[in-house]
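The structure's right below; bear with me while I get my questions together.
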Ligand SMILES: NC(=O)c1ccc[n+]([C@@H]2O[C@H](COP(=O)([O-])OP(=O)(O)OC[C@H]3O[C@@H](n4cnc5c(N)ncnc54)[C@H](O)[C@@H]3O)[C@@H](O)[C@H]2O)c1
């Protein structure tokens with residue numbers, strides 16, 4: 001497999017056994033204690049490959065996190081911090097997060113807070129993690145229904161992306177991660193959008209060029225982050241689809257959780273509609289986006305009461321300022337603007353638009 005590297009965020013993409021991880025473990029971290037954080041699934045599907053490939057991890061302490069967004073909470077962090085303390089982990093030691101966005105978000109947060117910061121490495125094992133969550137230094141946990149309310153921005157020492165881990169990933173999770181690739185294309189690269197539109201996202205996994213597509217997405221994310229790590233400006237564009245998507249995800253958490261990427265995909269349909277209403281994209285572009293996304297992502301039916309619940313959560317979005325709902329809108333396909341104020345009513349109409357495209361199909 002071709003190897004790619006993205007300097008902005010210290011990312012290596014390709015076969016992890018050919019990466020610099022071995023040198024890291026046997027060089028600067030040879031005498032450090034290594035703590036591996038996995039969840040139950042990455043424990044079963046990914047850990048052995050890493051342990052057998054890297055003898056430097058023979059003595060590593062493996063800590064098991066419970067699976068799922070509902071466990072991305074302070075209580076779990078406390079348990080890990082206590083365990084780190086029991087194992088006498090010091091600042092010179094190394095945390096290795098092996099998992100999807102839940103593990104890298106929470107593991108990065110745990111490492112960043114403990115003793116004011118341990119170095120950590122991310123080995124993302126979901127597509128969403130590879131193209132998005134593991135990159136960019138946002139670490140954190142949820143607070144009640146509000147996602148990622150507690151956290152810090154702290155970059156991992158290294159990010160190793162190896163598509164081999166996708167072989168055991170459930171199809172629904174693959175599709176979830178694919179939403180972030182589509183987002184990258186929509187906000188930043190029209191040609192990339194047209195490439196992705198030709199693809200069947202499930203079959204693409206068997207495509208030899210998949211690592212290349214991951215590298216395009218990881219590259220878009222890392223370049224944006226490098227320009228604006230603390231999200232004062234252009235980094236906000238990575239939130240396209242997330243204003244409404246996060247609210248849907250947060251609302252559904254207490255009823256029937258939906259995958260992050262699934263909620264973002266619905267958010268992207270809604271926010272593309274708002275872009276069209278503001279005459280920033282044409283009707284043809286709206287249809288192009290809507291048609292491709294609805295082929296891949298199922299409807300998330302929301303009753304009137306549910307919609308009100310989603311709109312309630314919009315007000316608490318971290319991206320807001322002065323009580324206004326802020327949203328990313330497309331400027332044609334492949335470009336966008338941030339800090340667009342949208343009203344409650346507009347967000348409601350966007351949710352109705354989403355319903356209408358699914359019921360007319
Ligand atoms: N920090 C950021 O910039 C950022 C960006 C986007 C999303 N996120 C966060 O990422 C999280 C979502 O990430 P996710 O979609 O990766 O979810 P996840 O970590 O919950 O993983 C999804 C599921 O796949 C399983 N899994 C992981 N790797 C596997 C593998 N190789 N084989 C089999 N099963 C595997 C997990 O155990 C889990 O059940 C959310 O908490 C979201 O807020 C963070």
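Read the figures in this text as sums done on the coordinates, not as results from a lab. This is a predicted model, so every value here is computed, not measured. Here Cβ is always computed from backbone atoms with ideal geometry, including for glycine, and neighbour counts include all displayed protein chains.
If you take every DSSP beta bridge whose two residues both sit in the stretch 4-168, what share of them, in percent to the nearest 5, is antiparallel?
30
Given the stretch 82-198, what whole percent of its Cα pairs are spread farther than 26 Å?
Percent of Cα pairs beyond 26 Å in the stretch 82-198: 26.
So for each of 295-303, 152-160, 85-93 I average, over its residues, the number of other beta carbons within 10 Å; can you give me the resulting order with the highest mean first?
Per-residue mean Cβ counts within 10 Å order the peptides as 152-160, 295-303, 85-93.
Principal axis lengths of the stretch 258-361 from Cα atoms, whole Å, largest first?
36, 31, 23
Ranked highest first by average number of other Cβ atoms within 10 Å, how do 65-77, 242-254, 214-226 line up?
242-254, 214-226, 65-77
While we're looking at this one, here's another question. If I take every Cα pair under 8 Å that is 6 or more residues apart in the stretch 4-168, average their sequence separation and divide by the length, what percent do I get for the relative contact order?
Relative contact order here is 27 percent.
Right, something else. Given the convex hull over the Cα atoms of the stretch 171-359, what projected area results after averaging over all orientations, in nm²?
Mean projected area of the Cα convex hull: 10.2 nm².
For helix 283-296, report the angle its Cα long axis makes with the longest principal axis of the Cα atoms of the chain; keep it between 0 and 90° and round to the nearest 10°.
Helix 283-296 sits roughly 50 degrees off the main axis of the chain.
Counting pairwise Cα distances across the chain, what percent come out greater than 39 angstrom?
13
Please compute one quarter of the surface area of the Cα convex hull for the stretch 248-316 and express it in square nanometres.
5.0
Sticking with this one: Can you give the convex hull volume per residue for the Cα atoms of the stretch 1-83, as a whole number of Å³?
Cα-based convex hull of the stretch 1-83, divided per residue, equals 135 Å³.
Test of understanding: in a Gaussian network model of the chain with alpha carbons linked when under 10 Å, which of 312, 173, 59 would top the mean-square fluctuation ranking?
Fluctuation is largest for 59.
What do you get for the angle between helix 74-86 and the principal long axis of the chain? Use alpha-carbon atoms, 0 to 90 degrees, nearest ten.
Around 10 degrees separate the two axes.
Moving to a separate point now. In whole Å, how far is the Cα centre of the stretch 297-360 from that of the stretch 153-227?
Computed from Cα coordinates, the inter-centre distance equals 24 Å.
Take peptides 265-271, 228-234 and line them up by average Cβ neighbours within 10 Å, highest first, as a rough protection proxy.
Taking the mean over residues of other Cβ atoms within 10 Å, the ranking is 265-271, 228-234.
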